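The values are calculated or read from the model by the stated rules, or taken from the named source; none is laboratory data. Since we're looking at a predicted model, the values are computed, not measured. Using ideal geometry, Cβ is built from the backbone for each residue, glycine included, and neighbour counts are taken over all protein chains shown. These accessible areas exclude ligands, DNA and RNA; they are computed on the full protein's heavy atoms, side chains included. Shrake-Rupley method; radii C 1.70, N 1.55, O 1.52, S 1.80 Å.
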Amino acid sequence: MKNSLYTLILLCFSTMLKAQDKLELSFGDPAPALRYSKWIQGTPVTSLTGDKIYVLEFWATWCKPCIEAMPHLSDLAEKYADRMKVIGVNVFERTSGQTYESSLPSVETFLKQNADKMRFDVIADNNAREMSNNWLQKAHVVGIPATIIVKENQVLWIGHPAFLDKVLIEIFENKYDLKRRKQEYEEGMLSSMRVRGIYDTNMKKIDDALAKKDYKASILAADEAIKSDTSAAFQYRLKKLQVLLVQADKKAVEIMLKETAKYDQSQGLALAGYISHQDNLPREYALTAIEIIDKSKTANAYYLDLMATMQSKLGDYKGALGTQQRALEAMKQNELKSPGKIKPETFAEFENKIQKYRDALKK
């Protein structure tokens, strides 16, 4: 199941950008060198020159959207095998402070387990992170999956694999307008960088005050950011909530949660969901989160499941049973609308919880 859109603030990868930064790698520029630790799968190439098109797909084993894109990339690699070579570039593995190349065994195991999905060449970044630094960072790409097309050692396109088909057709049919694509890309990226610069500045102000335990200043900075940068209002609200939790101001937490839910139901649900995932928090927080979800009359199975879990933790097994049954019914309705999208084990998990709550009521 997917969480609310508002909770997707933890991107697969993010990097700090400043408004005055310029793109060091863009459309039409020479491609950086291929410098990697190991060519894990497929036939190595020494350069990206020649008539063949090279599609570099940047991914990580933990990145679900990356893995979802793999089967179609494999189909494209086989369909255009005479004209194109797809190279999966493994980056951003979590190594817990170890060298990047320490992740190679787990990456290789992952490839073996997903051989049917990844039917193309694969390389892995090296300890110097030259693939992520020289390609993604210089292009100011802030997330994966990310795709870069190269021909004759020239970068033709940078984007998301979802748009790859259309671009490839334009290239193969000699209809690709590099100048227009470059202009569109750079205008969009520079705009995003300016927005990110504002966001980073606001967050730094909140964090700096928090580091000094000046909670009043930190909360004030969050409130100012909410008003001045409405595009990231939810992120600032979540940050404010985190400050209030550190401050342990129970009344302020309750007021904020309820005011947010009144202002925007989706954001209120997302904050209630955040509360539900925290351990060892006061009973009042759970009760407020339950109230927000319940009053929303939501048919979202994810939030109903969270509500049932909180109710069970509070010892309200009767309430948990009813809520979990509503969650299961909501999930069944979703399955009817989009067959096959929900895994059988998820249904089994919900049914097991229902039985657990029934058993608890008998004791």
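Numbers below:
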{"quantity": "When residues of segment 152-189 are limited to those that are open to solvent by 60 Å² or more (accessible area, probe 1.4 Å) and among the aliphatic types (A, V, I, L, M), the one nearest to SER47 (Cα to Cα)", "calculated": "ILE169"}
{"quantity": "Filtered residue count, segment 225-247, keeping only those that are open to solvent by less than 30 Å² (accessible area, probe 1.4 Å) and of a type in the set (Val, Ile, Thr)", "calculated": "2"}
{"quantity": "Residue match in segment 261-278 (condition: in a helix (DSSP H, G or I), within 20 Å of GLN235 (Cβ to Cβ) and more than 25 Å from the chain's Cα centre (by Cα))", "calculated": "yes"}
{"quantity": "Exclusive hit being open to solvent by 70 Å² or more (accessible area, probe 1.4 Å) and either at pLDDT 90 or above or within 22 Å of SER26 (Cβ to Cβ) (or both), set ALA217, ALA222, ALA211", "calculated": "ALA211"}
{"quantity": "Selection within segment 106-136 - open to solvent by 70 Å² or more (accessible area, probe 1.4 Å) and more than 23 Å from LEU73 (Cα to Cα)", "calculated": "ASN127, ARG129"}
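Conditions tested, residue by residue: (1) over 16 Å from ALA162 (Cβ atoms); (2) modelled with pLDDT of 95 or more.
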site: PRO65; (1), (2): no, no
site: ASP75; (1), (2): no, yes
site: MET84; (1), (2): yes, yes
site: ILE87; (1), (2): yes, yes
site: GLU93; (1), (2): yes, yes
site: GLY97; (1), (2): yes, no
site: GLU101; (1), (2): yes, yes
site: LEU104; (1), (2): yes, yes
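Yes/no per residue for (1) open to solvent by 20 Å² or more (accessible area, probe 1.4 Å); (2) in contact with a Leu (Cβ under 9 Å, 6 or more places away or on another chain):
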| position | (1), (2) |
| --- | --- |
| ASP249 | yes, no |
| ALA252 | yes, yes |
| THR260 | no, yes |
| ALA272 | no, yes |
| ILE275 | no, yes |
| THR323 | no, yes |
